[in-house]
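Reviewing the structure listed below.
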Amino acid sequence: MSANTEQSIMDSEGAEPVPGAPLLEVKDLFVEFRTRDGVSKVLNGVSYHVEAGETLAVLGESGSGKSVTAQTIMGILDMPPGHIMGGSIKFHGEELLKASDKRRREVRGSGIAMIFQDALSALNPVFTVGFQIEEQLRLRKGMSRKDARARAIELLDLVKIPGAKRRVRQYPHEFSGGMRQRAMIAMSLALDPEMLIADEPTTALDVTVQAQIMDLLKELQVERNMGMILITHDLGVVAEVADRIAVMYAGRIVEQSDALSLYRKPGHPYTKGLLESLPRLDQRGQELMTIKGLPPSLLKIPTGCPFHPRCPMVQDVCKTDVPPQHRLMPGRMSACHFAEELISE
Amino acid sequence: MGRYVLRRLLQLIPVFIGTTFLIYWLVWSLPGDPFAGKCGDRPCPEAFVAAMTAKFNLGDPVVVQYGKYMMNLLQGDFGITFSGISVGDRIATAYPNTIRLALVALAIEAVIGISAGILTGLRGRGFLDNLVLVTTLFLISLPVFVTGFVLQIVLGFELGWIKTTVSESPAPWGQLIVPGFVLGSLSMAYVTRLTRSSIAENRRSDYVRTAVAKGLPQSRVVGVHLLRNSAIPVITFLGTDLGSLMGGAIITEGIFNIKGIGNLVYRGILSKEGVIVTGVVTLLVMVYLLSNLIVDMLYAVLDPRIRYD
Amino acid sequence: MTDPSNAATGAAVTSTASDSVTAAEHVESAGANKPRSLASDAWHDLRRRPLFIISGSLILVILVMAAFPGLFTSVDPTYADLGRSRNGPSSDAWFGYDNQGADIFARTIYGARASIIVGLCATILTVLIGGTLGLLAGYYGGWLDGLMSRVADVFFGLPFVLGAIVILSSFGATGSSNIAQIMFLVVVSISLLSWPVCMRIMRSAAITAKQQDYVRAARALGANSSRIILRHMLPNAAAPVLVYATIALGAFIGAEATLSFLGLGLRAPVVSWGVMIADSRDIIRVAPHTLLFPAAFLTTTVLAFVMLGDAVREALDPKMR
């Protein structure tokens, strides 16, 4: 965390950091997509927070709203069809949803940066990797062409791309998948962000490369004391990296917990199902469990607990009443009517 | 790249020979007396026929005729007409007018087409989008001679804003604006639609989202990232189009009486001056094929993903 | 629209070849258990498009006009009275009289037939030549494909108007007075210069189809060539060729008029819009109505077909939904 970033935030209008406020706090976020087929309720009251130096893993199947939350934080949601119906997103205690366009643009890149799933399509194919990194340095920091080039090479070195000097002049398609994702990471670090959102950063990569990228992210995060949101659908990926985990289902957070407790004892049947569907070395020969059924259509979310049609523990109350967030212990919540029983099983 | 260009050049040779031979055959060796009507109402004198037959190698089989003709042509000799005028000179005086007309048309279609396309592509559905869509449909459906005549009557005869014919040679740029608009109107509609769909498609692409997430100002996201990518198909279309515009605009040149290559070849056909027709067509085919090759290479320059080896 | 080859160079049509192949794929997989195929899906979608409703109704009216001109007018289009030459529009003759003193309204109505016939025949011939060659080139590939593609390049390299003029004047259309022969020559010259576009569309559709897994499987299982072409490739290519043909039909009607205008296409005693426009050429300043009405009908007809092609393309393209 350089003095540089702090200063740039202090300089801008209305950007007084509120002392004691978390780095990022999302509260009761509601987002709808209005399409020809109807209104799709994508986020239905999402709340989470991230502190500096902490990694929050957001877990969920596709369509659970984890990426939409991230896009809303970044302010890159396609609107229309997206509409923010309510809630708040605070960065250093500053409300982003009410901030001016100019202020939001300042936060992007230098306050919160983001890396995307598919680096091939997320990088502009007609510009060199170097150009795409230098562009931010020149425009946002007023660096000269030469300084920006030098800094871009440093950044590529930092993410362990061999031959960075030569690589800055190459185009994204000349990189391998893993190298491309590294370049994407280097680009996101260009303005020394305090917070990094990684949207399924390893999904498009080979398994061996996945681990390398995760290690790199973890290393950079610790080194720079960044807050990180790691979005993934893969429980295996998060185990070593995440400090806390938020599990999303149908646009809600159904469980939030520190990583260790969650793995030891899931507090929601959905999390339990996810864990049981992981292949495990210590239980060879057993049949893998799967969660039956499909995620609900967001056009028509089931009444009561949205998970009830697929839940093995379903009771009558689940079909009528939306479960409240049960506080199981400090820092641990579950949105299940039977959370306590699950934990004490 | 060098090898690719060479391979493409080699590929062009059979196409070039094929096209020019086809035209040569159509013009010279189809049924019909090439001398019919050449000497007024009377049949031509024996001496004249014999001289001309020797001159144009009409006694040889058509393939040999074609070969001899091409040999001369490649040495820069386009031959002379029945009445003894050098075809090369005729082309040299006519072609600058056609090139000017083509450039004016290209400029008009590029400026108007790209602007309209960007505007509607960025705005998305709405009144302006529908207006532009309907306008392009009309431009596509209007035959060139209708556009030409209507503008000539309204702007020239009725309002008196323009000269109805451009008889000077070389044609002054100012007088070519309306003919250029007529010639370029169809392509203008295509440029508009192509730009619009290209922008609309790229607007939602991942890399544009990345550029926004990097905190770049809107003007830079659109002006650099979006436009640079959307320009690729539009520029290649314009390149190809310049190739076909250079091919002469028989109708536009006819309506506005521009002394260009289209006019020359049309008169050549009507007066059965085969040398003019084959000479001009050979030149046009060459221009067309080379311009296509240049567009292909331009494409590789614009899009780094494409590599020709 | 003077140059029908532009119908496809103007972007979209050629690209639909690959797009609608993916659409056709869905037919194969969804057709079995879903009641609605792509074709009926597209039809369902089409019926709600204003573009389709407008163009469809226009085309219907034009077709009725071509088939039964007597329904619209009782005046003989060939009856001319020099005494009323070039008279402007009046209650007797809505569109006025032409240079010979014939009723322009009646001539415009009767003119639809020749234009439509030429357009239709040229479209059919173009699709037959281009489609067959494209299918063969795409299916067999190799030297056959190379040869056919080069031949297509040769014809494609000729500028349309120029090529048509040379063909028509060489084959003596300028001197002939046999109506059927002139019509035939016009149709042939339009098709000869236009088939390469259709061939390229068909060829790319056939190549895409050939690379589909189920077609490979069928070949591996020993299905014979004709079956693969008929069952797998033709349906895949149908959509892009249909879109091309619709737009080309409009373009060819415009091309016929252009050739007539140059004095090389149809001519009197045939009544066609092109002939009327050509007749008006020299009297345009004194009697602009002689150009205006046939030109308006011509433009409307071309517009209707281009619009229909647009609507069909959008309906068949799943990406546009």
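Quick grid of which residues meet (1) farther than 30 Å from residue B:279 by Cα; (2) charged (D, E, K, R); (3) surrounded by fewer than 17 Cβ atoms within 10 Å (Cβ to Cβ); (4) free of Cβ contacts under 8 Å to residues at least 40 places away in the same chain:
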residue: B:89; (1), (2), (3), (4): no, yes, yes, yes
residue: B:94; (1), (2), (3), (4): no, no, no, no
residue: B:102; (1), (2), (3), (4): no, no, no, no
residue: B:113; (1), (2), (3), (4): yes, no, no, no
(request) Of the numbered conditions (1) over 14 Å from residue C:120 (Cα atoms); (2) at pLDDT 80 or above; (3) not charged (D, E, K, R), residue C:246 fails exactly one; give the number of that condition. (result) (1)
(message) So, in segment A:110-150, how many residues would count as being in contact with a helix residue (DSSP H, G or I) (Cβ under 6 Å, 6 or more places away or on another chain), surrounded by fewer than 21 Cβ atoms within 10 Å (Cβ to Cβ) and among the polar types (S, T, N, Q)?
(response) 1
(message) I'm told residue B:215 meets every condition in (1) within 14 Å of chain A (Cβ to nearest Cβ); (2) on the phi < 0 side of the Ramachandran plot; (3) free of Cβ contacts under 8 Å to residues at least 24 places away in the same chain except one. Can you identify the failing condition by its number?
(response) (2)
(message) Between B:73, B:58, which is among the aliphatic types (A, V, I, L, M), closer than 24 Å to residue C:165 by Cα and modelled with pLDDT under 75?
(response) B:58
(request) Given the conditions (1) surrounded by 22 or more Cβ atoms within 10 Å (Cβ to Cβ); (2) more than 21 Å from residue B:207 (Cα to Cα), report the number of the one that residue A:187 does not fulfil. (result) (2)
(request) Being assigned to a helix (DSSP H, G or I), among the charged types (D, E, K, R) and over 25 Å from residue B:188 (Cβ atoms) is the filter here, so list the residues in segment B:228-287 that pass it. (result) B:267
(message) Given (1) surrounded by fewer than 22 Cβ atoms within 10 Å (Cβ to Cβ); (2) of a type outside the set (Ser, Thr, Tyr); (3) not in a loop (DSSP other than H, G, I, E, B), identify the lone condition not met by residue B:77.
(response) (3)
(request) Return yes or no: is residue B:252 buried (at least 22 other Cβ atoms within 10 Å of the Cβ) and either within 14 Å of chain A (Cβ to nearest Cβ) or within 20 Å of residue B:183 (Cβ to Cβ) (or both)? (result) yes
(request) Output yes when any residue across segment A:300-309 is surrounded by 23 or more Cβ atoms within 10 Å (Cβ to Cβ) and not aromatic (Phe, Trp, Tyr), and no when none is. (result) yes
(request) Look through segment B:265-309, keep the residues that are of a type in the set (Ser, Thr, Tyr) and free of Cβ contacts under 8 Å to residues at least 24 places away in the same chain, and return whichever of them is nearest to the other protein chains (Cβ to nearest Cβ). (result) B:266
(request) Report whether or not residue B:262 is within 24 Å of residue C:154 (Cβ to Cβ), buried (at least 21 other Cβ atoms within 10 Å of the Cβ), of a type outside the set (A, V, I, L, M, F, W, C) and at the interface with another protein chain (Cβ under 10 Å from one of its Cβ atoms). (result) yes
(request) Please specify each residue of segment C:270-299 satisfying the condition of being facing chain B (nearest Cβ under 8 Å) and of a type in the set (Val, Ile, Thr). (result) C:277, C:284, C:299
(message) I'd like to check which strands (runs of 3 or more DSSP E) are fully inside segment A:201-272 and have at least 1 residues that are over 13 Å from the mean Cα position of the chain (by Cα).
(response) A:244-249, A:252-258
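The values are calculated or read from the model by the stated rules, or taken from the named source; none is laboratory data. Only a predicted model underlies this, so the values are computations on that prediction, with no experimental measurement involved. Because the Cβ atoms are built from the backbone with ideal geometry, glycine has one as well, and the counts that use them run over all protein chains shown.
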